[in-house]
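Take a look at the structure set out below.
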Amino acid sequence: MSKLPEMINKHHEEIRADWLKQMSTAVRRADLISNEELESQSRELMDAIASGARSGELTNLDGPAWGQARDTLGAISTSRAKQGFSTSETATFVLSLKQPIFNAVRRENPSDPAALFDDIWKSTQLIDKLALITADAFQASREKFIARQQEELMELSTPVVKLWDGILALPIIGTLDSARTQVVMESLLQAVVQTNSRVAIIDITGVPTVDTLVAQHLLKTITAARLMGADCIISGVRPQIAQTIVHLGIDLAGVITKAKLSDAFALALQRTGQVVTKVNGDNAGKRTLLRREE
Amino acid sequence: MERIPILRMGQFLLVTIQVDMHDRLAVQLQDDLTEKISECSSRGVLIDISTLEIVDSFIGRMLANIAAMARVLDAETVVVGMQPAVAITLVELGMSLSGVRTALNVETGMELLYELRGDFNSEMGG
């Protein structure tokens, strides 16, 4: 039976002091984490390791005895991911525990090379596993963060704005994939119902490329809007995109396309029977007046 | 047997679907409507589906068929008030109902019918 668990428990205060010293010379991001926080994190982790080691199990960390250590590492990784630490910096936090433990092991076994080697090997395995748990937790929290940002980006990038009475505009920024088309379609149709709009302008100035798939998605959206009784106008077709559309043989027959949003808006006003005219007099050219055509 | 009522409004017919559409009902509507169009020599049909929440390919095809039949009988068909979810479903089913006119609600649908008949102003002017 190895003396390692017992040793860790007995010397864990010294090991921790040694570890803190170690960390202050190794990677130490004073800009990201305070001394007090580091101190409390190391104390928490060391306590958890000591309590895990008390079970005598050092190779398999999946058991309930190591639950506290796993939770602590998870919490530390999550907070470090938020603070902006890199993966290697976070892993180093745990890996720098190696030397202090080795030192303690050496002090325990002054005259028995076989036991010394045995303990060193066991503690290496232990620390490596702890480091892997840390890296996994770090990665997981980063991925969660990215997924949330993607979701937010999706919602931010599909606004439907009301331009005028009965006229909606939908400026699309970024590439249109199936998931976004779904969001775009739903928000557009919802807005058509809410605002009672007869014309919707889909502005694709912010769409970097239009391929057959994007065109198909656009056509789907337009068809759905038409089924509800709203006409769609595509605006913001850049010259390169016009060329691409023709080269790819995409059939946009039956869809009104305009080069600029202003052209589309003018047509939309005409469709809804409205005109915008300049006011003569003092403020000529500065103010416009809306008049409904009889 | 339950039926969908068909109301006569001058030269137009008004159909409001307010129950869950099932296949037999759809076929019945098709029969009744064609009969009514020829009986009243109607010039237009307005179908309000604003309360229809579920639609399948059969109902979609039925709408397209009704429009085609009405056209043969010299009447325009306008489908009004389609729900967003229904529109998305039809598009995903690949049915664009290209032969059917659409409008947002009954009011704009009626305007469209008058416009299509070319006597919008005389009707509105009285």
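Rule-based calculations on the coordinates, nothing more; no lab input. Just so we're clear, the structure is a prediction, and the values are computed from it rather than from any experiment. Cβ atoms come from the backbone with ideal geometry, glycine included; neighbour counts cover every protein chain shown.
For B:Glu76, the amide hydrogen comes within under 5 Å of the amide hydrogens of B:Gly44, B:Val45, counting only partners 5 or more places away or on other chains and with H modelled in the peptide plane. Cβ crowding within 10 Å ranks A:Ser34, A:Ser96, A:Ser157 as A:Ser34, A:Ser157, A:Ser96, fewest other Cβ atoms first.
Can you give the % of DSSP beta bridges in the protein assembly as shown that are antiparallel, to the nearest 5?
That works out to approximately 30 percent antiparallel.
Between A:Ala140 and A:Ser88, how high is the FRET efficiency from 1/(1 + (r/R0)^6) when r is the Cβ-Cβ distance and R₀ = 25 Å? Nearest 0.05. With R0 = 25 Å, the Cβ-Cβ based efficiency is 0.90.
Lys-Lys pairs in the stretch A:4-150 that are eight or more residues apart or on separate chains and whose Cα atoms lie under 13 Å of each other come to 4. For A:Leu163, nonlocal amide neighbours, meaning residues 5 or more places apart or on other chains whose placed amide H falls under 5 Å from its own, are A:Leu168, A:Ala169. With both residues required to sit in the stretch B:6-125, DSSP beta bridges show an antiparallel share near 25%. With a cut-off of 13 Å on the backbone N, the residues of the stretch A:182-212 near the modelled label site 7 Å out from A:Arg238 along Cα-Cβ are A:204-211. A simple rule links phi to the HN-Hα coupling: the Karplus curve 6.51 cos²θ - 1.76 cosθ + 1.60 with θ = phi - 60°, which for the stretch A:159-172 gives x, 10, 10, 8, 8, 7, 3, x, 10, 10, 10, 10, x, 9 Hz, with x for Gly and Pro.
In this structure the amide hydrogen of B:Thr102, modeled in the peptide plane, comes within under 5 Å of the amide hydrogens of B:Val79, none closer than 5 places in sequence on its chain. Over the residues of chain A, the helix contribution to mean residue ellipticity at 222 nm works out to -20500 deg cm²/dmol, using -39500 (n - 2.57) for each DSSP H run of at least 4. Phi angles across the stretch A:92-102 convert, under the Karplus curve 6.51 cos²θ - 1.76 cosθ + 1.60 with θ = phi - 60°, into 3J(HN,Hα) values of 4, 3, 7, 5, 6, 6, 4, 4, x, 5, 4 Hz, Gly and Pro given as x. Considering only A:Ala91, A:Leu269, A:Gly229, the residue lying farthest towards the positive end of the dipole of chain A is A:Leu269, judged by Cα position with unit charges set on Cβ.
Hey, got the dipole for the protein assembly as shown? About the Cα centre, +1 on K and R Cβ, -1 on D and E Cβ, debye to the nearest 20?
Values: 42 positive and 53 negative charges, 217 e Å.
That gives a dipole near 1040 debye.
Taking the helices alone, chain B has a mean residue ellipticity at 222 nm of -15000 deg cm²/dmol, built from -39,500 (n - 2.57) per DSSP H run of at least 4 residues and averaged over all its residues.
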